[in-house]
């Protein structure tokens, strides 16, 4: 159990870090800017209180800098979706640009005209009424490129806004790990009633060629102190810090498993010595050295440890598969946990460490046994 718990937690930890870094790399961005925590507001249109205000103006300011190649606002909201304007369900809506080298399409392509509805802040430009969906939404509603759906922050708004599916892509669902529909930012603000404040969830920044990410992030934080500026790794670390209680709980379970393993194996070895104390006494009486008896006890303990380590590692491999299935069902991210050779070796090391502790305790007990008293 000690080996199994250690291997699983270490695999989950490394898997989350690797998956997080992989997802950030796939996004093709270097820096993330937020205006504070994203707050849930039940009962409001969209359900989210996005904290970055004046997103389009900030986007223009950032793209005017020499050290920034591109800035892209992201808006996350809950939308009503329907294929017939009669039965509605909810889905995560993403307001973002649909063009870029890091956006891969399974079918179709990006929205025509981009964010033209913004019209320099007047929001009277043409709405494209085009949407990019992911494979989960396509499968759930039996949609393909060219089909139409209804979207809106309220039922009334959704009934009035029919969108044509122009592309199918998984690139946007990586941000939330859930089925998503993606439309231009200004159109998302229009159908959720947030055009007045031009709110966004976050702003992603791609630095210019030759620019240093850390230096650019530091300068942006200095120039925009009202925002929180983070690099990819800092953003990932911030997300993990929010789960400190969960991580601490997992670590405590591993510590308990290791302690239980130590106590169990120590008890087994003390019982082994106690059951055979007469035999040990007789062997001592006929001249068998204490070192030889200690070697017998340690070999027995080591054998149990090796067997326990092998069983623990053998159980860890299918258990990792099970954890991946649970993680995929809960978070939408697949293959979060992977089998790592260093982790398996470290898990086997835990088995040996537990064995050594139990063996030392048993040998100390053996050294206190008086051979003559056992023979009497």
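The values are calculated or read from the model by the stated rules, or taken from the named source; none is laboratory data. Remember, it's a predicted structure, so these values are computed and weren't measured experimentally. Cβ placement follows ideal geometry from the backbone for every residue including glycine, while neighbour counts extend to all protein chains displayed.
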### Query
What's the number of the condition residue 71 fails, among (1) at pLDDT 80 or above; (2) over 23 Å from residue 170 (Cα atoms)?
(2)
## Note on the structure
If you go through 311, 259, 273, 296, the only one that is surrounded by 14 or more Cβ atoms within 10 Å (Cβ to Cβ), more than 12 Å from residue 362 (Cα to Cα) and out of contact with any strand residue (DSSP E or B) (no Cβ under 9 Å at 6 or more places or on another chain) is 311
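Which one is surrounded by the fewest Cβ atoms within 10 Å (Cβ to Cβ) among residues in the range 43-58 that are modelled with pLDDT of 85 or more and more than 28 Å from the chain's Cα centre (by Cα)?
The initial filter retains those residues of the range 43-58 that are modelled with pLDDT of 85 or more, namely 52-58.
Cutting the leftovers down to more than 28 Å from the chain's Cα centre (by Cα) gives us 54, 56-58.
Numbers: 54: 15, 56: 18, 57: 12, 58: 20.
Filtering first and then ranking leaves 57.
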### Task
Go through the range 78-115 and give me each residue that's surrounded by 15 or more Cβ atoms within 10 Å (Cβ to Cβ) and under 29 Å from residue 216 (Cα atoms).
94, 95, 96, 97, 98, 100, 103, 114, 115
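This table checks each residue for (1) loosely packed, with under 12 Cβ neighbours inside 10 Å; (2) in the same structural domain as residue 361 (by TED's automatic domain parsing); (3) at pLDDT 75 or above.
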| site | (1), (2), (3) |
| --- | --- |
| 199 | no, no, yes |
| 202 | no, no, yes |
| 217 | no, no, yes |
| 250 | no, yes, no |
| 255 | no, yes, yes |
| 265 | no, yes, yes |
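Just checking, which of 229, 145 is in a loop (DSSP other than H, G, I, E, B) and in contact with a strand residue (DSSP E or B) (Cβ under 7 Å, 6 or more places away or on another chain)?
Criteria check complete, one pass: 145.
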### Message
Residue under question is residue 120, and the condition is that it be under 30 Å from the mean Cα position of the chain (by Cα) and on the phi > 0 side of the Ramachandran plot; does it hold?
### Response
no
### Summary
Residue count, the range 165-199, condition outside any helix (DSSP H, G or I) and closer than 16 Å to residue 97 by Cα, comes to 15
